[in-house]
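Peer 1: Below is one structure. I have some questions about it.
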There are 2 protein chains.
Amino acid sequence: MKPTIYDVARIASVSIATVSKVINGKGNISDKTRQKVLNVMKELQYQPNVLASALTGKRTYTIGLLLPDISNPFFAEIARAVEDRGGELGFNVMICSTDNNDAKVEKYISLLRQKSVDGIIIGTGVQDQEILASIATEGFPLALIARDMPSLAVDTVLVDDFVGGYLATKHLLDLGHRRIAVVTENLKVSSSRDRLRGYRQALEDKGICYDETLIKTTDFSIADGKKKALELFEAELLPTAVFACNDLLAIGVMQAAKERGLRVPADLSVVGFDNTILATITDPMLTTVAQPIEHMGKQVVDLLVQQMTQEPRTKQRVILRPELIIRNSTNVPKA
Amino acid sequence: MKPTIYDVARIASVSIATVSKVINGKGNISDKTRQKVLNVMKELQYQPNVLASALTGKRTYTIGLLLPDISNPFFAEIARAVEDRGGELGFNVMICSTDNNDAKVEKYISLLRQKSVDGIIIGTGVQDQEILASIATEGFPLALIARDMPSLAVDTVLVDDFVGGYLATKHLLDLGHRRIAVVTENLKVSSSRDRLRGYRQALEDKGICYDETLIKTTDFSIADGKKKALELFEAELLPTAVFACNDLLAIGVMQAAKERGLRVPADLSVVGFDNTILATITDPMLTTVAQPIEHMGKQVVDLLVQQMTQEPRTKQRVILRPELIIRNSTNVPKA
DNA sequence: TTGAAAGCGATACCAA
DNA sequence: TTGGTATCGCTTTCAA
């Protein structure tokens with residue numbers, strides 16, 4: 001069996017209270033006693049049981065991370081960033097892939113709370129915000145990453161999706177494109193809506209009419225992007241460029257283009273969003289809007305940890321500026 | 001505050017012992033009492049505190065998962081598979097990215113044990129097997145995925161790397177390639193060694209001499225693969241094909257080829273390993289050796305859970321057969 | 001400077 | 001069928 005605080009106390013011939021004090025550096029303990037206890041602890045390779053100490057009201061040093069799907073590179077990269085910053089601060093992270101399913105979100109949150117995690121980071125879509133509202137008002141540490149729910153008083157870190165959509169579209173516009181299609185994730189997701197708004201704004205600034213038929217809504221897999229792009233290519237008048245609302249969809253679009261014999265970027269320009277590792281792997285490499293994932297991960301963790309360690313403060317939304325990464329999937333339109 | 005078992009007991013005017021019994025379906029409780037307690041539980045939205053119950057010797061229903069890097073698609077896919085099966089069985093998973101660093105491995109294992117996880121799955125490289133040996137003999141539930149440490153009595157699930165290397169090489173050989181280079185991860189990793197053995201065997205079966213200069217060892221990023229491929233391309237006599245020991249390296253090789261003006265597969269055939277999502281994204285799509293990731297994830301979890309729930313049994317190594325997925329990065333050599 | 005003891009929220013044994 | 005109570009490993013208050 002693992003040694004307990006009692007074993008240490010017995011062998012060091014002190015009380016468990018004393019041992020507890022040296023573990024936590026509290027109270028006044030003589031150097032001599034402290035050394036004695038420390039030695040025994042080392043000898044026994046004693047490690048305090050986190051569960052027991054959490055039961056007395058201390059932290060579990062564990063945070064929950066809700067993501068749509070950890071096998072999606074964008075979210076995997078977020079997870080890594082969260083894990084890294086959490087690690088620096090002494091926290092482990094429990095991952096939960098929700099598939100953007102409210103039922104799973106609810107189940108996971110309930111489970112995590114049964115396990116007394118110190119806080120939860122939400123990177124997943126949540127339809128029914130009530131699920132979050134209740135625990136947020138309850139004062140349970142909660143933070144959002146890459147999701148926006150302005151109606152909720154919750155710390156949030158995200159990229160300015162509007163600007164992102166704007167930058168992507170403007171880039172295309174500047175190249176001379178006028179017929180720019182959009183393949184976007186479900187518009188129930190706030191980030192998708194904002195990216196589309198950015199797109200519209202860019203068009204408007206250029207005095208170009210918004211054409212409903214150029215907008216395709218779908219899920220977020222490569223296959224989805226491909227399917228919608230194919231639909232786009234059915235039209236008599238083809239778009240000369242596509243703004244895809246994430247890299248996965250952009251890749252689907254590129255694959256569809258290839259299947260139709262359209263060359264990227266000669267016949268069709270494609271812009272993605274996220275700048276995941278995938279964007280560097282396609283051929284041509286994908287022009288895309290970069291989210292500062294590492295920075296975002298660090299920030300949410302910091303915000304969350306502040307909630308658990310500091311005085312209540314006003315919740316904040318940190319909006320980071322996305323950056324357009326120009327690679328090889330965009331070019332001037334043909335003739 | 002969250003309600004406790006005491007709240008339930010008080011409101012239902014029974015003892016906490018009775019409540020505990022209805023929670024766990026133990027003992028004989030009259031239907032009437034049971035209903036009463038159940039109702040109060042529902043009313044209060046009572047959820048037992050997992051920490052407290054774990055303190056009394058029950059499970060935490062949490063498992064640890066050690067991976068080199070969760071942002072690497074191969075491992076992210078493993079994580080998802082583990083999470084899914086874990087979820088079905090009632091377990092949450094704590095992810096730990098180790099960067100294949102023994103110090104981190106040790107730190108994480110210690111941390112996880114302090115938190116009383118019910119078991120740990122290791123998918124990360126571990127140089128000093130002593131780290132694992134001690135806790136394994138101690139009887140702590142442990143299982144390996146995609147890693148082999150035959151000297152250790154630990155449940156293990158992996159693909160037959162030897163066969164994988166053999167299949168990849170044979171495919172190239174069958175196409176007519178004779179000068180087949182290898183870009184592999186550090187040979188301290190067992191899987192890399194075995195894949196290389198498979199390669200040698202395939203050559204031998206065909207009566208082809210093993211040429212040391214065609215073998216390049218490196219780390220596992222795209223950049224590493226590219227760098228080594230570039231070195232390969234310095235030679236007077238170019239290889240006509242490259243077997244890369246994972247998809248990331250294969251992609252690096254493809255990028256190097258492109259940079260050198262070599263067309264894939266016309267001038268150079270490339271085979272990868274893992275069949276991650278990346279393999280479907282490259283252009284041309286990558287021929288690669290598929291690991292049945294989902295199946296592997298399910299198996300390790302099952303093996304691990306067996307250890308915690310069943311009688312001690314002989315440890316087993318489950319060796320799955322990899323499958324060659326032929327896509328478009330391989331072809332007959334030029335003239 | 002040290003220790004006795006209550007308490008955290010559950011489980012399980014033993015009585016009633 | 002139900003309940004009293006010791007126990008798990010630790011923290012913390014209060015006395016000594």
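Peer 1: Which of the numbered conditions does A:Glu231 fail, given that it passes all the others? Conditions: (1) more than 30 Å from A:Gln307 (Cβ to Cβ); (2) under 26 Å from the mean Cα position of the chain (by Cα); (3) of a type outside the set (Ser, Thr, Tyr); (4) at pLDDT 95 or above.
Peer 2: Answer for A:Glu231: the failing condition is (2).
Peer 1: Could you look through segment B:271-301, keep only residues that are under 21 Å from B:Gly176 (Cβ atoms) and more than 13 Å from chain A (Cβ to nearest Cβ), and pick out the one that is surrounded by the fewest Cβ atoms within 10 Å (Cβ to Cβ)?
Peer 2: B:Thr287
Peer 1: Check A:Ile95, A:Ile70, A:Ile122 and return the single one that is under 20 Å from A:Leu158 (Cβ atoms), more than 8 Å from chain B (Cβ to nearest Cβ) and crowded, with 16+ Cβ neighbours inside 10 Å.
Peer 2: A:Ile122
Peer 1: Does A:Asp7 satisfy being part of a loop (DSSP other than H, G, I, E, B) and free of Cβ contacts under 8 Å to residues at least 40 places away in the same chain?
Peer 2: No; evaluated as a whole, the condition is false for this residue.
Peer 1: OK, next. With respect to A:Ile121, determine if the residue is β-branched (Val, Ile, Thr), part of a strand (DSSP E or B) and within 12 Å of the chain's Cα centre (by Cα).
Peer 2: yes
Peer 1: Is there a residue being facing chain B (nearest Cβ under 8 Å), touching a residue at least 12 places away in the same chain (Cβ under 8 Å), assigned to a helix (DSSP H, G or I) and among the acidic types (Asp, Glu) anywhere in segment A:73-81?
Peer 2: Yes, segment A:73-81 has at least one match.
Peer 1: Also, I was wondering about something else. Find the residue count for segment B:124-141, including only residues that are outside any loop (DSSP other than H, G, I, E, B), touching a strand residue (DSSP E or B) at 6+ places or on another chain (Cβ under 8 Å) and of a type outside the set (Gly, Ala, Ser).
Peer 2: Here the count works out to 2.
Peer 1: A follow-up question, please. Just to be sure I understand, how many residues within segment B:294-331 are touching a residue at least 60 places away in the same chain (Cβ under 8 Å), closer than 20 Å to B:Tyr166 by Cβ and hydrophobic (A, V, I, L, M, F, W, C)?
Peer 2: Qualifying residue count for the region: 6.
Peer 1: Another question about this same structure. When segment B:116-145 is examined, which residues are found to be closer than 15 Å to B:Cys96 by Cβ and in contact with a Gly (Cβ under 8 Å, 6 or more places away or on another chain)?
Peer 2: Passing the criteria: B:Val117, B:Gly119, B:Ile120, B:Ile121, B:Leu142, B:Ala143, B:Leu144, B:Ile145.
Peer 1: Please go through segment B:146-162 and pick out each residue that is touching a residue at least 60 places away in the same chain (Cβ under 8 Å) and either touching a Gly at 6+ places or on another chain (Cβ under 6 Å) or at positive phi (or both).
Peer 2: Passing the criteria: only B:Ala146.
Peer 1: Moving on. Which pairs turn up if I take residues in segment B:14-43 that are farther than 18 Å from B:Pro3 by Cβ and more than 14 Å from chain A (Cβ to nearest Cβ) and look for partners that are near DNA strand D (Cβ under 7 Å from one of its atoms) and not aromatic (Phe, Trp, Tyr) with beta carbon separation below 8 Å, at least 6 apart in sequence or on another chain?
Peer 2: B:Gly27/B:Lys21; B:Ile29/B:Thr18; B:Ile29/B:Lys21; B:Thr33/B:Val14; B:Thr33/B:Thr18
Peer 1: Another question, then. Can you find even one residue in segment A:44-63 that is away from DNA strand C (no atom under 16 Å from the Cβ), surrounded by 15 or more Cβ atoms within 10 Å (Cβ to Cβ), within 13 Å of another protein chain (Cβ to nearest Cβ) and not in a loop (DSSP other than H, G, I, E, B)?
Peer 2: Checking segment A:44-63: at least one residue is away from DNA strand C (no atom under 16 Å from the Cβ), surrounded by 15 or more Cβ atoms within 10 Å (Cβ to Cβ), within 13 Å of another protein chain (Cβ to nearest Cβ) and not in a loop (DSSP other than H, G, I, E, B).
Peer 1: Next question. Only residues that are within 11 Å of DNA strand D (Cβ to nearest atom), within 27 Å of B:Thr56 (Cα to Cα) and either among the aromatic types (Phe, Trp, Tyr) or out of contact with any Pro (no Cβ under 8 Å at 6 or more places or on another chain) (or both): list them for segment A:11-38, please.
Peer 2: A:Ser15, A:Ile16, A:Ala17, A:Thr18, A:Val19, A:Ser20, A:Lys21, A:Val22, A:Asn24
Peer 1: Does A:Lys2 qualify as being at the interface with chain B (Cβ under 10 Å from one of its Cβ atoms) and modelled with pLDDT under 95?
Peer 2: For A:Lys2, the condition - at the interface with chain B (Cβ under 10 Å from one of its Cβ atoms) and modelled with pLDDT under 95 - is met.
Peer 1: Let me ask something else. Of all residues in segment B:230-277, count the ones that are part of a helix (DSSP H, G or I) and either out of contact with any strand residue (DSSP E or B) (no Cβ under 8 Å at 6 or more places or on another chain) or in contact (Cβ under 8 Å) with a residue 60 or more places away in the chain (or both).
Peer 2: Going through segment B:230-277 one residue at a time, the tally reaches 13.
Peer 1: Oh, and also: In segment B:4-43, which residues are crowded, with 16+ Cβ neighbours inside 10 Å and within 11 Å of DNA strand C (Cβ to nearest atom)?
Peer 2: Within segment B:4-43, B:Thr4, B:Ile5, B:Asp7, B:Val8, B:Ala9, B:Thr18, B:Val19, B:Ser20, B:Lys21, B:Val22, B:Ile23, B:Met41 meet the criteria.
Peer 1: Is there a residue being in contact with an Asp or Glu (Cβ under 7 Å, 6 or more places away or on another chain) and either more than 29 Å from B:Met296 (Cα to Cα) or not hydroxyl-bearing (Ser, Thr, Tyr) (or both) anywhere in segment B:164-184?
Peer 2: yes
Peer 1: Considering only segment B:302-323, state which residues are buried (at least 19 other Cβ atoms within 10 Å of the Cβ) and within 30 Å of A:Met254 (Cβ to Cβ).
Peer 2: Within segment B:302-323, B:Pro322 is the sole residue that qualifies.
Peer 1: I'd like the full set of residues that are at positive phi and within 11 Å of chain A (Cβ to nearest Cβ), limited to segment B:98-111.
Peer 2: The one that is at positive phi and within 11 Å of chain A (Cβ to nearest Cβ): B:Asp99.
Peer 1: Just one of B:Ile109, B:Ile70, B:Ile95 is more than 16 Å from DNA strand D (Cβ to nearest atom) and in a helix (DSSP H, G or I); which is it?
Peer 2: Among B:Ile109, B:Ile70, B:Ile95, only B:Ile109 is more than 16 Å from DNA strand D (Cβ to nearest atom) and in a helix (DSSP H, G or I).
Peer 1: Wholly within segment B:142-229, which strands (runs of 3 or more DSSP E) include no fewer than the required count, namely at least 3 residues that are crowded, with 19+ Cβ neighbours inside 10 Å?
Peer 2: Hits in segment B:142-229: B:142-145, B:155-159, B:180-185.
Peer 1: Residues to consider are B:Gln114, B:Gln127; find the one that is within 14 Å of chain A (Cβ to nearest Cβ) and either surrounded by fewer than 16 Cβ atoms within 10 Å (Cβ to Cβ) or over 12 Å from B:Ile63 (Cβ atoms) (or both).
Peer 2: B:Gln114
The values are calculated or read from the model by the stated rules, or taken from the named source; none is laboratory data. All figures in this text were calculated on a predicted structure; none of them were measured in a lab. Positions of Cβ are generated from backbone atoms using ideal geometry, with glycine treated the same way; all protein chains shown enter the neighbour counts.
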